[in-house]
1. Output the number of the condition that residue 35 fails; it satisfies all remaining conditions of (1) surrounded by 13 or more Cβ atoms within 10 Å (Cβ to Cβ); (2) assigned by TED's automatic domain parsing to the domain that holds residue 130; (3) modelled with pLDDT of 95 or more.
2. So residue 8 fits all but one of (1) buried (at least 17 other Cβ atoms within 10 Å of the Cβ); (2) at pLDDT below 75; what number is the exception?
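The values are calculated or read from the model by the stated rules, or taken from the named source; none is laboratory data. Remember, predicted model here, so these are calculated numbers, not experimental data. Cβ: placed from backbone, ideal geometry, glycine included. Neighbour counts: every protein chain shown.
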């Protein structure tokens, strides 16, 4: 939103990107197995058994037990904490779907061309978070 004359400049205008995303996990072993084994995300570092980081492009995805950095209550079973979308090429959406099925991961929605110009694929991680693989078409 552009500043109007006389409006103070917010220090938050300095934010240019999301540097890392933290998923608060219920089952660290299952989540780690999924993100390392199924999605094959490269491990950046493990600060403790309660904090694990993966490199995705120029960003970091961290798995953490609640209360590692903030005193959050665990997410109730059956409730997704978040949705993550991972961008690939159009052909790779189908390749990713095939790989997920090969590894026994249930698809919430198979590869589908959306009217808004994306080819999407939805599935869940072991904690129930909604994950999307998509491409612009």
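1. The failed condition is (2).
2. Unmet for residue 8, out of (1) buried (at least 17 other Cβ atoms within 10 Å of the Cβ); (2) at pLDDT below 75: (1).
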